[in-house]
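Comments concern the structure below.
The numbers here are math on the coordinates, done by the rules we state, and not lab data. Only a predicted model underlies this, so the values are computations on that prediction, with no experimental measurement involved. Heads up, the Cβs are rebuilt from the backbone with ideal geometry, glycines too, and the neighbour counts pull from every protein chain shown.
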Amino acid sequence: MPIVPQPLPRELAPGLHWLGDCQLVEHEGEILHSYNSLYLVCGEESSLLVEAGFPEDHRVVVNQLETLLADAPPLRHIWLTHEETPHAGNIGRLLEHFPAATARGDIHDYHLYFPELEDRFEPLETGDSIDLGNREFVAVQAEIRDLITTQWGFDSGARALFPGDGFAYAHHHSADQCGHVVEEVEQLDLAAQSALFAHYALHWMRFVDMRPYLERLERLIDEREVAIACPTHGLPITDPRAVLPKIGAGLLSLQASATSS
C-alpha cells in the first residue's frame with residue numbers, strides 16, 4: 001500500500017485545528033484507518049489541547065503543536081475526555097514537554113498513573129468552563145460514555161462539540177479519505193463504519209435501546225447550536241444535524257443484530 005503523507009494539522013474553523021494521525025485497522029482482510037485525533041483550540045490569551053493521544057504519536061503531535069503554537073497563544077490546558085490510553089496515554093510526556101500546561105477534566109484517578117505529576121492535574125467539573133480569551137471551553141454531559149468518567153467538551157468560539165468516542169468510525173485509507181471532513185467523502189458508508197466501531201469498542205450498545213441516547217444527543221446539538229463535531233476516532237463533521245441520522249442508524253443496528261443472533 002502506498003504511503004500517503006499525513007495531511008494534518010488542518011484548520012477547521014478560526015482558532016480550531018485538527019491534529020493527530022491515523023491508526024491502521026484490519027477487518028476481514030480489509031485495511032481501514034481510524035483517526036486518533038487531537039484538537040487545538042486557540043483563544044486570545046491561551047490555547048487548549050483536546051485529548052493527549054497515544055504515546056506512540058508523541059513526536060507527531062509535538063511537531064504539529066510546535067508548528068501551530070508558533071503563531072498562537074501558549075498552551076495552558078490539556079483537556080481529556082477520559083483516561084483510556086488512546087485519549088490520555090500521552091499526557092505525561094505532553095506535560096513534561098509543555099511545563100506551563102495543566103491537565104483538565106474528570107481527573108480524580110490520574111495521579112495513580114502519574115504520581116510525579118499530581119500537582120499538574122486540575123479538575124474541570126461538568127458544566128464548568130475555561131476562559132481562553134474571546135472564547136470559552138465548557139465541559140458538558142457525555143451522552144455516550146466509554147467510561148463512567150467520560151466528559152464531552154464544547155468550544156463557544158467555533159461552536160464545536162468534542163464527543164470523544166461518541167462519533168467513532170473508521171475510513172478507507174486507499175480511497176484518499178484521510179484528512180477530510182466527512183462531508184468531503186462521498187463513498188464512506190457512515191452507518192456501517194459506526195456500527196463496526198461500536199461493535200468492538202462500545203459493546204454495551206448491543207444490549208440497550210439507543211434511541212433515548214440519540215434523542216439526548218440531538219437535543220444537545222440543537223441547544224448548543226453545534227456547528228461542527230470533532231470526534232477522537234472519526235472524521236470531523238461540519239453538518240452534525242444532517243449526519244446524526246446516519247450514525248444513529250448504525251448504532252441502532254447493533255441491537256437488532258444482537259436480538260437476531
Proxy reagent accessibility, fewest Cβ within 10 Å first, across 84, 186, 56: 186, 56, 84
Relative contact order (%) - criterion: Cα under 8 Å, at least six apart; region: the chain: 17 percent
Charge context of residue 237, other residues only, Cβ under 13 angstrom, K/R +1, D/E -1: 0
Give the order of 238, 232 when sorted by the count of other beta carbons within 10 angstrom, beginning with the fewest. 238, 232
Counting other beta carbons within 10 Å of each Cβ, put 148, 237 in order, fewest first. 148, 237
Restricting everything to alpha-carbon atoms, can you work out Rg to Rh for the range 118-261 with a Kirkwood hydrodynamic radius? 0.99
Taking Cα pairs closer than 8 Å and at least 6 residues apart, the relative contact order of the range 124-261 in percent is 26 percent
Ratio for the chain, C-alpha Rg to 2.2 N^0.38 Å, reads 0.96
For residue 12, enumerate residues with amide H under 5 Å from its amide H, sequence gap 5+ or separate chain, H modeled in the peptide plane. 17, 18
Whole-Hz couplings from phi, Karplus 6.51/-1.76/1.60, listed for the range 110-124; x for Gly and Pro: 5, 5, 6, 7, 10, x, 6, 10, 4, 6, 9, 9, 10, x, 10
